[in-house]
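Scroll down for the structure; my scribbles are underneath it.
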Amino acid sequence: MSAKLIDGKAAAAALRGRIAIEVSRFRESIGRAPGLAVVLIGEHPPSNAYVRSKVKATREAGMESFEHRLPESIEQGELLALIDELNADPAVDGILVQLPLPPHIDERVIITRLSPDKDVDGFHPENAGRLAIGLHGFVPCTPLGCLMLLQQERGDLTGLDAIVVGRSNIVGKPMAQLLLQANCTVTIAHSRTRDLPAAVRRCDIVVAAVGRPELIRGDWLKPGSTVIDVGQERVELPDGSRKLLGDVAFDEAIEVAGAITPVPGGVGPMTIACLIRNTFVSAARRERFVYERSL
Ligand code: NAP
């Protein structure tokens, strides 16, 4: 058996297309474009690449992008002052502070300073709390994109057994909350889980967000399960070339799973599309703009 490939690129392109139509209606009606401010500190090459893709996608959707590239040496106080400015700026609907931050800056202090209404990454404790108790708020982009892919693939998820491997605040925990809201029976696994293969084998849905290349093997999977691979780690191969690998041993998993996301081309494009979505939704809320399409 060969699993179906879940095409995250196509799903992301479709979502971005729907958003672009709504952005154009928004601009006509409100007289301005939705705006996303992106703050990048230092010269961390992967962060630079993520920010470039996010800025490009923002502009392609017809939205305004405000880039703030700051030196590694910036003091925490200066960064907080910038966030205060962006919180107060009416042209800014969403603020994204690219992580990780340099060690002398406390990530929690920075995230907590963002206005929850502009926290399009969904990392502010208020948004995390809202998700936990089922109130509207911003949901982190990567888990939101994973949920969309799962619902596209399996429709109603009610009653399915799901496992999320990884319990980070930005992927694992919010993913588990979303699956719970979708009426799955959810297991959250982590580095102290006793028998991970057995826990994975019980589940219809596996979301892997670990950052350990190919940790999850094909023979751990329940036949026909749906596998969402969030992991993306660049590893050096014996011939010296570099390759992006997920948390799931893809060549093995494809023989057992019912459907699986590739790496790259699975979850990554959905993360960016959901950032654009959250920014548009923020602008629509702030301007009381009613949109028509399901986003
Ligand atoms: P993280 O903060 O490092 O969290 C990793 C989680 O995996 C932790 O909860 C850890 O458990 C758990 N873990 C580590 N080793 C394990 C093991 N052997 N067995 C079971 N669980 C284990 O990572 P993250 O930020 O969530 O990211 C995870 C991966 O997703 C990374 O590869 C990252 O690059 C990728 N990612 C991709 C996107 C995208 O858009 N595609 C977005 C975000 C992240 P403990 O809590 O017990 O330590």
Check your understanding: So, with +1 on the Cβ of K and R and -1 on the Cβ of D and E, and no other charges, what is the size of the charge dipole of the stretch 180-227 about its Cα centre, to the nearest 20 debye?
Key -> 140 debye
Study note, to complete from the structure: Ordered by number, the GluC sites (Glu not before Pro) in the stretch 65-162 that occupy a DSSP loop and have at most 14 other Cβ atoms within 10 Å are E72, E75
Revision key, fill the gap. Of A253, A49, A176, the most mobile residue in a GNM of the chain (C-alpha springs, cutoff 10 Å) is A49
**Study point:** Between the stretch 112-132 and the stretch 227-295, the Cα center-to-center distance that results, in Å
**Key:** 21 Å
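Please get the size of the charge dipole for the chain, origin at its Cα centre, with Cβ charges of +1 on Lys and Arg and -1 on Asp and Glu, quoted in debye to the nearest 20.
Details: 34 positive and 37 negative charges, 122 e Å.
Charge dipole, the chain, about its Cα centre: 580 debye, nearest 20.
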Review point. Do any trypsin sites (Lys or Arg not before Pro) in the stretch 179-245 lie in a loop, going by DSSP, with at most 16 other beta-carbon atoms within 10 Å of their beta carbon, and if so which?
Key: R192, R194, R202, R217
Point to revise | Cα gyration tensor category, rounded, prolate or oblate, for the stretch 56-97 with a/c compared to 1.5 | key: oblate
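When each pair of different Cα atoms in the stretch 141-268 is counted once in the 1/r mean, what is the Kirkwood radius in angstroms, to one decimal? Mind showing how you got there, number by number?
Values: mean 1/r = 0.0697 Å⁻¹.
This gives a value of 14.3 Å.
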**Study point:** Cβ-Cβ FRET estimate between F289 and E67, R0 fixed at 30 Å, reported to 0.05
**Key:** 0.75
Review point. Which residue, G240, G77, G265, tops the fluctuation ranking in a GNM of the chain built on C-alpha contacts under 10 Å?
Key: G240
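For the stretch 5-48, which trypsin sites (Lys or Arg not before Pro) pass both filters: DSSP loop (anything but H, G, I, E, B) and at most 16 other C-beta atoms within 10 Å? Spell out each step's value before the answer.
Working: sites: K9, R16, R18, R25, R27, R32; in loops: R32.
Answer in residue order: R32.
What does the charge dipole of the stretch 29-135 about its Cα centre add up to, to the nearest 20 debye, if the Cβ of each Lys and Arg holds +1 and the Cβ of each Asp and Glu holds -1? List each step's numbers first, then the result.
Details: 10 positive and 17 negative charges, 82 e Å.
Roughly 400 debye, rounded to the nearest 20.
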Revision key, fill the gap. Along the dipole axis of the chain (charges at Cβ: +1 for Lys and Arg, -1 for Asp and Glu; origin at the Cα centre), the most positive-end residue among I110, V235, S191 is S191
Practice item. Could you please state, rounded to a whole Å, how far the C-alpha centre of the stretch 15-45 is from the C-alpha centre of the stretch 64-93? Key: 17 Å
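What is the stretch 30-118 by shape, rounded, prolate or oblate, if you read a ≥ b ≥ c off the alpha carbon gyration tensor as root eigenvalues and call it rounded for a/c under 1.5, prolate for a/b larger than b/c, and oblate otherwise? Display every interim value, and only then the final one.
Details: a/c = 2.34, a/b = 1.31, b/c = 1.78.
Since a/c reaches 1.5 but b/c is at least a/b, the shape of the stretch 30-118 is classed as oblate.
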Review point. Rounded, prolate or oblate: which fits the chain when a ≥ b ≥ c are the square roots of the eigenvalues of the alpha-carbon gyration tensor, with rounded for a/c under 1.5 and prolate only if a/b beats b/c?
Key: prolate
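When the helix-only estimate is applied to the chain (DSSP H runs of n ≥ 4, each -39,500 (n - 2.57), divided by the residue count), what is the mean residue ellipticity at 222 nm, nearest 500 deg cm²/dmol? Before the final figure, lay out the partial values.
Values: 10 runs with 123 residues, N = 295.
It comes out at -13000 deg cm²/dmol, rounded to the nearest 500.
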Review point. What Cys residues in the chain have no fellow cysteine's beta-carbon under 4.7 angstrom?
Key: C146, C184, C203
Review point. Cross-link partners among lysines for K243, C-alpha distance below 28 Å, same-chain residues fewer than 8 apart left out?
Key: K4, K9, K54, K56, K173, K222
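Just so you know, all these numbers are worked out from the coordinates, no wet-lab data involved. Everything quoted here is computed from the prediction, not taken from an experiment. Note that each Cβ is placed from the backbone with ideal geometry, even for glycine, and that neighbours are counted across all protein chains shown.
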